[in-house]
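Worksheet: one structure, shown below.
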Amino acid sequence: MTGNLLRRSILSLIAAGLVLAACNNTTTNDPGPTTAFAVLRLTSTGAVDTSFAGGRGIALTDFDTGLFDFALAVAVQPDNKIIAGGSTGLAGQGVIALARYNTDGSPDAGFGTAGTGGLVRTPTPAGWTSAFASAIAVQPDSKIVVAALAFNSGTTGIVVLRYNTNGTLDTTFNTTGIAPIATIGPGFATDTCALALQGTNIIVAGATSDGKIVLYRYDMNGAPDTAFGTDPGGGKTTTPIGVGVQAVSPALAFQSTGSIIVATGNGADQVILRYSATGILDTAFGTNGIVTTNAGGTDFANAVAVQQVAGVPALSDKIVVAGHANVNFTLGTSDVSLVRYNADGTLDTTFNPAGPTPGTVITDLGGFDNVFSVALQGTNIIVAGATSDGNIVLYRYDMSGALDPAFGTGGKTTTPIGVGV
């Protein structure tokens, strides 16, 4: 597993504040504590929430002593219980792992079978060597939908699972709780996938090492939706984003029109694509449906959100993308990039208007700065990531792209979660 995957920190908003899930170490062979899920809760202004996890503000969950546990996804149920998802197992042989926490950060004993302490393990599907939960969504009926990236011998796929609210697999979903695996194509065990609910349908997205973005849609029963996509047979759309490039793990969001926004990268620049609600590339967006942006040096997009704020028409359908800029793996350096686009994919020059490139904000902490999540809080934008010295970092920007001094210290909060993150 590479550092890019393990340093992910996934952000979700709740009424009381912010919830993040992350991994708190690098490998079970490294010195330091056994790897574990780490779920951190902060207040809405960025302070550690001392009412969570016995006053610590962070809940650590070790699925299996001596094995490799990491969390990549988090979701908050309507009752404010928290679900984190990832993997547990030997490197390259992990199984899908879920943990649920009560609102106070204690394990939810009602999730999973008796005696498991709120933990659920789902074996890797036959024919695949490893799988890990990469995205989670909660349906209006409180059923839990999970997209897991599966890997085998250089090929990646997406496993979509649906669980009942008690953590058992939902057998009304493709009779097993697991939809037919969506084959994506050539890729790596460190890739991730994206998931979004579209009414009663489920959309997932993945990327290939030969430069393609792949979307699948499933109906409410777990069957591929043949009314979606442009590939033969329906249910799938494949889009090349360049020749000789590698598409990076994508993120998904919807505009108010129902259009599907995908954020990714091509190994050098950020790439944004827009599709109709039925999976047809929107050629009116950017150049033939694709917008490519150099935010700064080598960069790529990791997360996307669409702004919709009641009473603020200036923010209608703006596309907000968080990721990396000025990446140099040799020197071990990277900056945080935040880019905002107008609804049509042009850069929004009202965002950081006095900056070197209006529409783009670059934040440099020094060292390798990771950002993998973005969430909207009214007119504000919050991004979450991690540093190489074991800290979870959040930034809050106002609607103009400036760091918000009312959040944390100068718009930033830093929380240590363990050794070797």
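The values are calculated or read from the model by the stated rules, or taken from the named source; none is laboratory data. The structure presented is a predicted model; accordingly, all values stated were derived computationally and were not measured. Heads up, the Cβs are rebuilt from the backbone with ideal geometry, glycines too, and the neighbour counts pull from every protein chain shown. Only protein heavy atoms, including side chains, enter the accessible area calculation; ligands, DNA and RNA are left aside. Shrake-Rupley method; radii C 1.70, N 1.55, O 1.52, S 1.80 Å.
Brief remarks follow.
- Scanning region 189-208 for residues that are open to solvent by 40 Å² or more (accessible area, probe 1.4 Å) and without any contact (Cβ under 8 Å) to a residue 40 or more places away in the chain yields Gly199, Thr200.
- The single residue among Tyr395, Tyr341 that is within 22 Å of Thr192 (Cβ to Cβ) and in contact with a Leu (Cβ under 7 Å, 6 or more places away or on another chain) turns out to be Tyr395.
- Scanning region 225-241 for residues that are within 24 Å of Asn302 (Cβ to Cβ) and either open to solvent by 30 Å² or more (accessible area, probe 1.4 Å) or of a type in the set (Phe, Trp, Tyr) (or both) gives Lys236, Thr238, Pro240.
- Only one of the numbered conditions (1) in contact (Cβ under 8 Å) with a residue 40 or more places away in the chain; (2) touching a strand residue (DSSP E or B) at 6+ places or on another chain (Cβ under 8 Å); (3) over 13 Å from Gly211 (Cβ atoms) is not met by Val248, and that is (3).
- Just one of the numbered conditions (1) in a loop (DSSP other than H, G, I, E, B); (2) within 29 Å of Ala284 (Cβ to Cβ) is not true of Val374: (1).
- The condition of being within 26 Å of Ser209 (Cα to Cα), free of Cβ contacts under 8 Å to residues at least 24 places away in the same chain and open to solvent by 10 Å² or more (accessible area, probe 1.4 Å) holds for only one of Thr293, Thr349, Thr287, Thr298, that being Thr287.
- Filtering region 376-386 to residues that are open to solvent by 10 Å² or more (accessible area, probe 1.4 Å) and either out of contact with any strand residue (DSSP E or B) (no Cβ under 9 Å at 6 or more places or on another chain) or touching a residue at least 60 places away in the same chain (Cβ under 8 Å) (or both) leaves Leu376, Gln377, Gly378, Thr379.
- Across region 379-395, a minimum of one residue is classified as at pLDDT below 95, assigned to a strand (DSSP E or B), hydroxyl-bearing (Ser, Thr, Tyr) and more than 18 Å from Gln270 (Cα to Cα).
- Hey, Ser51 open to solvent by 40 Å² or more (accessible area, probe 1.4 Å) and either of a type outside the set (A, V, I, L, M, F, W, C) or in a loop (DSSP other than H, G, I, E, B) (or both) or not: yes
- Options Phe188, Phe111, Phe151: the member that is hydrophobic (A, V, I, L, M, F, W, C) and closer than 22 Å to Leu40 by Cα: Phe111
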